[in-house]
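See below for the structure under consideration.
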Amino acid sequence: MSQPKVVAVKAPGPVGRTLLLEHAAADFLAEITREKPWRRARYEDLLETLETYLGRPAPLLAYTRATGEAWLRALHESERQDARDLLTEFRAYLRDCGWLDLARPVNQLD
């Protein structure tokens, strides 16, 4: 009988501190570099623009679907498709790698 595969999961960001968008973006860009290196420079520029839009330093939870949509509307039309693609990949990355779960406050008993 084969052993179940064990997958190590790295806890993203600094434990016990507010997770910042820049921390998640840095990890995301490192992952993109491995999978799609040609997108790194463009996505890096767009993520910096998003963070500036949200206010630096932006907590990760400042990025929501609504703030992402508002940011898209604020961009020049020629940038929107790349930005929309970025947000789709970035949101999936945040969800799949546990960033969003760690950033949300946990209900604790008093």
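Heavy-atom accessible surface of segment 21-98, averaged per residue, reaches 56 Å², computed with a 1.4 Å probe. May I ask for the net charge around Lys36, where only other residues with Cβ less than 13 Å from the Cβ of Lys36 are counted and Lys, Arg are +1 while Asp, Glu are -1? Summing Lys and Arg as +1 and Asp and Glu as -1 gives -2.
Between Asp96 and His76, the C-beta separation translates, for a Förster distance of 30 Å, into a calculated FRET efficiency of about 0.50.
Based on the alpha-carbon gyration tensor of segment 21-98 and its eigenvalue square roots a ≥ b ≥ c, which shape applies: rounded if a/c is under 1.5, prolate if not and a/b is larger than b/c, or oblate? Oblate, because a/c is 1.5 or more while a/b does not exceed b/c.
The values are calculated or read from the model by the stated rules, or taken from the named source; none is laboratory data. Note that the coordinates shown come from a computational prediction; the quantities given were computed from them, not determined experimentally. Cβ atoms come from the backbone with ideal geometry, glycine included; neighbour counts cover every protein chain shown. Please note that ligands, DNA and RNA were not included when accessible areas were found on the heavy atoms of the full protein model with its side chains. Shrake-Rupley method; radii C 1.70, N 1.55, O 1.52, S 1.80 Å.
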